[in-house]
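Visitor: Please read through the structure below; I'll follow up with questions.
Computed from the coordinates by the stated procedures, all read-outs in this text should not be read as laboratory data. Just so it is clear, the model here is predicted, and its values are computed rather than measured. Quick reminder, even Gly has a Cβ in these numbers, built from the backbone with ideal geometry, and neighbours come from all protein chains shown.
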Amino acid sequence: MIGVFDSGVGGLSVFRELYALMPEQDYVYLSDAAHCPYGNKPVEYIIERAEAITRFLIGKGAEVVVIACNTATAAAVKYLREKYPIPFVGMEPAIKPAALTSKTGVVGVLATANTFKGSLYHNTLEKFASDVEVIEKVGEGLVEFVEGGLTDGPEVEKVLHRYVDPMLESGADAIVLGCTHYPFLESAIRKIAGDGINIINPAPAIALQTKRLLESIEGRKPSSSQYSFYSTGDTSVMHSIVSKIVPSVPDQAFLTVKV
Ligand code: DGL
């Protein structure tokens, strides 16, 4: 059983890649919609939420927890790994592939304020982006669009222009999607940035990392493609996104829960 969580539906962009790679696995997803967004919340608060959700997922049988949230990973992954005896897979902005593939030597990173503040991001920058210019933009308002089921149209594009235009004007030829909500905005970003820009979503790499981790766990229980999707708030947007990924998931798999 793979446990996956995010502050909301953003983590479903990771679940989508996990499912594509390992449809046979059992999944339990939690969207912390009642406490979303995390991007500007105090780190202690995010750790508290991440721990409560981790305990919930372990209680549902999770053998590994994918923190499908850059903000929660930045705030809580070290604490959770020290406290809980199960493997955690965390997110980190895909600076390395952006820096390695950039021809202009200028890359844009879209993420939340807390992700940019985290040591994980700064260590990644130092390690892989010392010889490129990084244009950082906090994607204020983007999470709320996705949580409301709005992923394109003039209102979304108006806000995206605020973040993407300065990246393009600086000569960026890569844009890193540093928040799991942002892959749902990829087509709107592509419309603004054009085809020549490399838009990097780390979710496929996270799915591969999770697969490798599962293969290293001895004596796992056989899986039977069971899926449960929980939300601490409304489930409707989660339901509509999941139905496009796994049409066969029954309505009763979507539940509101207090965590
Ligand atoms: N989707 C999450 C991330 O990857 C969190 C966004 C938020 O709740 O602010 O950072």
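Visitor: Sort out for me the Cα centre separation of region 118-184 from region 12-30, rounded to whole Å.
Guide: Cα centres, region 118-184 to region 12-30: 24 Å.
Visitor: Taking the Cα centre of region 1-154 as the origin, how large is its charge dipole in debye, to the nearest 20, when only Lys and Arg (+1) and Asp and Glu (-1) carry charge on their Cβ atoms?
Guide: 280
Visitor: Moving to a separate point now. List, in order, the whole-Hz ³J(HN,Hα) value for each residue of region 31-47 obtained from phi through the Karplus relation with A = 6.51, B = -1.76, C = 1.60 and θ = phi - 60°; use x for Gly and Pro.
Guide: 9, 8, 3, 5, 10, 7, x, 8, x, 10, 7, x, 4, 4, 5, 5, 4
Visitor: Related question: Just list whichever of K96/K221; K60/K117; K83/K211 have alpha carbons separated by over 27 Å in the model shown.
Guide: On the way: K96/K221 35 Å; K60/K117 32 Å; K83/K211 23 Å.
The pairs that break the limit, which is 27 Å between Cα atoms, are K96/K221; K60/K117.
Visitor: Calculate the radius of gyration of the Cα atoms of region 167-206 to one decimal place, then report Dmax, the largest Cα-Cα distance, as a whole number, both in Å.
Guide: Answer for region 167-206, Rg first and Dmax second: 10.1, 30 Å.
Visitor: Hey, another quick one. Let's see if you can work this out: charge +1 on each Lys and Arg Cβ, -1 on each Asp and Glu Cβ, no other charges. What is the dipole magnitude of the chain about its Cα centre, in debye to the nearest 20?
Guide: For the chain, the charge dipole is close to 540 debye.
Visitor: D251 versus L100, label points 7 Å from Cα toward the beta carbon: distance in nm?
Guide: 4.7
Visitor: In the Gaussian network model of the chain, springs joining C-alpha atoms below 10 Å, which of I47, I86, I206 carries the largest mean-square fluctuation?
Guide: Fluctuation is largest for I86.
Visitor: Further, regarding this structure: Principal axes first, then extents: for the Cα atoms of region 122-259, list largest minus smallest coordinate on each axis, whole Å, largest first.
Guide: Principal-axis extents of the Cα atoms in region 122-259, largest first: 50, 39, 29 Å.
Visitor: Still on this structure: Along the charge dipole of region 156-259, pointing to its positive end and built from +1/-1 on Cβ of Lys, Arg, Asp and Glu, which listed residue (G233, N201, I175) has its Cα farthest out?
Guide: Positive-most Cα among the choices belongs to G233.
Visitor: If you don't mind, another one. Would you mind getting me the FRET efficiency between R190 and F128? Use the beta-carbon distance for r and R0 = 35 Å, nearest 0.05.
Guide: It comes out at approximately 0.90.
Visitor: Between K244 and R55, what is 0.36 nm times their sequence separation minus the Cα-Cα distance? Round to one decimal in nm.
Guide: Here the segment from K244 to R55 would lengthen by 65.2 nm.
Visitor: Under a 5 Å amide H to amide H cut-off, with H placed in plane at 1.01 Å, what residues pair with V66 once short-range neighbours are removed?
Guide: Long-range HN contacts for V66: G3, V4, F5, V89.
Visitor: Also: What whole number of Å gives the distance from the Cα centroid of region 56-103 to the Cα centroid of region 187-259?
Guide: 14
Visitor: Further, regarding this structure: Hey, got a sec? Which trypsin sites (Lys or Arg not before Pro) in region 200-236 land in a DSSP loop and have at most 13 other Cβ atoms within 10 Å?
Guide: Sites meeting the loop and neighbour criteria: R220.
Visitor: Let me ask something else about it. Which one, G11, L255, A98, is farthest towards the positive end of the dipole of the chain when Lys and Arg carry +1 and Asp and Glu -1 on their Cβ?
Guide: Positive-most Cα among the choices belongs to L255.
Visitor: Averaging over all projection directions, find the projected area of the Cα convex hull of the chain and quote it in nm² with one decimal place.
Guide: Averaging across all directions leaves 13.0 nm² for the Cα convex hull.
Visitor: Of all trypsin sites (Lys or Arg not before Pro) in region 63-106, which ones are in loop regions per DSSP and have a Cβ with at most 13 other Cβ atoms within 10 Å?
Guide: K103
Visitor: To the nearest 500 deg cm²/dmol, what mean residue ellipticity at 222 nm is calculated for the chain from DSSP H runs of n ≥ 4 alone, each contributing -39,500 (n - 2.57), summed and divided by the residues?
Guide: One gets -13500 deg cm²/dmol as the mean residue ellipticity at 222 nm.
Visitor: Residue by residue through region 213-221, which ³J(HN,Hα) values in whole Hz follow from phi under the Karplus form 6.51 cos²θ - 1.76 cosθ + 1.60 (θ = phi - 60°), with glycine and proline marked x?
Guide: 5, 4, 5, 8, 8, 6, x, 6, 5
Visitor: Can you give the charge dipole size of region 88-140 about its Cα centre, rounded to the nearest 20 debye, using +1 on the beta carbon of Lys and Arg and -1 on the beta carbon of Asp and Glu? Write out the running numbers ahead of the final one.
Guide: Details: 5 positive and 6 negative charges, 20 e Å.
Using Cβ point charges on Lys, Arg, Asp and Glu, region 88-140 gives about 100 debye.
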